[in-house]
Amino acid sequence: MDFDVKDLSLAEKGRLRIEWAGKEMPVLKLIKERFLKEKPLKGMRLAACLHVTSETANLMDTLAGGGAEVMICASNPLSTQDDVAASLVTHFNIPTFAIKGEDNETYYNHLNRVLDLKPHMTMDDGADMVSAIHKTRQELLEGIIGGTEETTTGVIRLKAMAKEGVLKYPIIAVNDAMTKHFFDNRYGTGQSTLDGILRATNILIAGKNFVVCGYGWCGKGLAMRAKGMGARVIVTEINPLCALEATMDGFDVMPILDAASVGHIFVTVTGDINVIDAEHFGVMMDGAIVANSGHFNAELNINALEVMAASKRQIREFMEEYTLSNGGRRIYLLGEGRLVNLAAAEGHPAAVMDMSFANQALSAEYMIKECKNLQKNVYTIPEHMDMEIARLKLDSMGIKIDTLTQEQERYLVSWQEGT
Ligand code: ADE
């Protein structure tokens, strides 16, 4: 089997970690049990470009259980769990191409080696695989029936492709499922971003001015959790609705240039570039900590920081100190500006990835059934599948809810009754 991982001797540690994550993924487990019986993905070659974590390993196992031939590469150079990658090769027989800390050339080499297996379906997190196929591997297009996309940034890129008329196969935007972004983006990013900051710095959050750039689902989760730990949270936004929401949720809202001079900790979760730029680094306090939890490190203008710095040194794992030539102030960059929750910690906890990856598995099955009826566009999974995932998750948590009586159902579809 072809693969490229850091060290196969880490496999046993990875296997235990995958098993532990699996215990928190009951919905995916139910899907796996059905897939093992029904084999709905039989004969499919599926190429995945995802964060190679213990949760993703459980997804790969589910897809393979459904009959697919799967192969995987990393969707970020710093997010791979090397022991999990080793176990995927050793225990799950899944060709894996991922090494934590790989450079950009290796990253794309890995992506292309997965593509060499001529997939029928792609599964992306950030759309690098779809983008590479459309730019440099167009010979693969005729064999591909469709793909899925995990994250907000990827969905934005794919919708831009569809709008320009250049997208060549249908995509299911897993991110747009309610059982994905309401939970993974909010509670997953909220908790795991703080986990990454804490592991990288071991600082006290209480009493700090914590600046959250972007108040989308990820920003909402992060602001909520930082507040819970005693930080004074400041939100920066460009969208008036989100800014209003942040204000009424009790946070200070101000432009990033104002926040830059008062913040102790900064985290970008916007999906856009140069959100923290030279002019902002230029007014930060000595000791400011800067991190990104959006998909790409482009949210921080790291090149500008490099230019502004007289020197740079590594202080702790995943933390670099930049000393600015002008005034000698020090700025601490976490995880090279890559998503701090996966670079310095372990990403979202398994219990929330359970729903995200249930969506991925069901979307792969749906794509096989429905690809003939789909255009070269970006689709959301049908609402009944989304609701079923929510129902299964509640069941697994032992939580019961009510059902409408016939009288209530009738009332909801009628219009005659009023005041
Ligand atoms: N994205 C965020 N957290 C993740 C995780 N634990 N596994 C895979 N993808 C993720």
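The values are calculated or read from the model by the stated rules, or taken from the named source; none is laboratory data. These figures come from a predicted structure and were not determined experimentally. Cβ placement follows ideal geometry from the backbone for every residue including glycine, while neighbour counts extend to all protein chains displayed. Note: accessible area is taken over every heavy atom of the protein model, side chains too, but ligands, DNA and RNA are not part of it. Shrake-Rupley method; radii C 1.70, N 1.55, O 1.52, S 1.80 Å.
Flag: Gly67 matches the condition of being modelled with pLDDT of 95 or more and over 17 Å from the mean Cα position of the chain (by Cα).
Annotation: Val283 fulfils all but one of (1) part of a loop (DSSP other than H, G, I, E, B); (2) without any contact (Cβ under 8 Å) to a residue 40 or more places away in the chain; (3) within 22 Å of the chain's Cα centre (by Cα); the unmet one is (3). Total residues in the stretch 255-293 satisfying the condition of being within 26 Å of Ser192 (Cβ to Cβ), among the aliphatic types (A, V, I, L, M), out of contact with any Ser or Thr (no Cβ under 9 Å at 6 or more places or on another chain) and surrounded by fewer than 22 Cβ atoms within 10 Å (Cβ to Cβ): the figure is 2.
Return the residue satisfying two criteria in turn: it lies in the stretch 299-323 and is in a strand (DSSP E or B) and polar (S, T, N, Q), and of such residues it is least open to solvent (accessible area, probe 1.4 Å). Among those residues, the one meeting the criterion is Thr323. Against the condition open to solvent by less than 30 Å² (accessible area, probe 1.4 Å) and outside any helix (DSSP H, G or I), how does Ile389 come out, does it pass? For Ile389, the condition - open to solvent by less than 30 Å² (accessible area, probe 1.4 Å) and outside any helix (DSSP H, G or I) - is not met. Inside the stretch 335-351, residues that are near the ligand (Cβ under 10 Å from one of its atoms) and outside any loop (DSSP other than H, G, I, E, B) make up a count of 4. Picking from Asn377, Asn373, Asn326, which residue would you name as being over 30 Å from Gly196 (Cβ atoms), surrounded by fewer than 18 Cβ atoms within 10 Å (Cβ to Cβ) and in contact (Cβ under 8 Å) with a residue 12 or more places away in the chain? None of the other options fit; the residue is Asn377. From the list Gly101, Gly67, the one residue that fits, being without any contact (Cβ under 8 Å) to a residue 40 or more places away in the chain, over 30 Å from Ser396 (Cα atoms) and in a loop (DSSP other than H, G, I, E, B), is Gly101. The residue that is surrounded by the fewest Cβ atoms within 10 Å (Cβ to Cβ), among those in the stretch 19-45 that are of a type in the set (A, V, I, L, M) and not in a helix (DSSP H, G or I), is Met44. The residue that is nearest to the ligand (Cβ to nearest atom), among those in the stretch 7-18 that are surrounded by fewer than 17 Cβ atoms within 10 Å (Cβ to Cβ) and in contact (Cβ under 8 Å) with a residue 24 or more places away in the chain, is Lys13. Test Asn359 against the stated conditions and say whether it is modelled with pLDDT of 95 or more, polar (S, T, N, Q) and within 16 Å of the ligand (Cβ to nearest atom). Here the answer is yes, as Asn359 does meet what is asked.
Based on what the data block shows, is Thr96 in contact (Cβ under 8 Å) with a residue 40 or more places away in the chain and farther than 25 Å from Ala68 by Cβ? Considered against the rule, which asks whether it is in contact (Cβ under 8 Å) with a residue 40 or more places away in the chain and farther than 25 Å from Ala68 by Cβ, Thr96 comes out as no.
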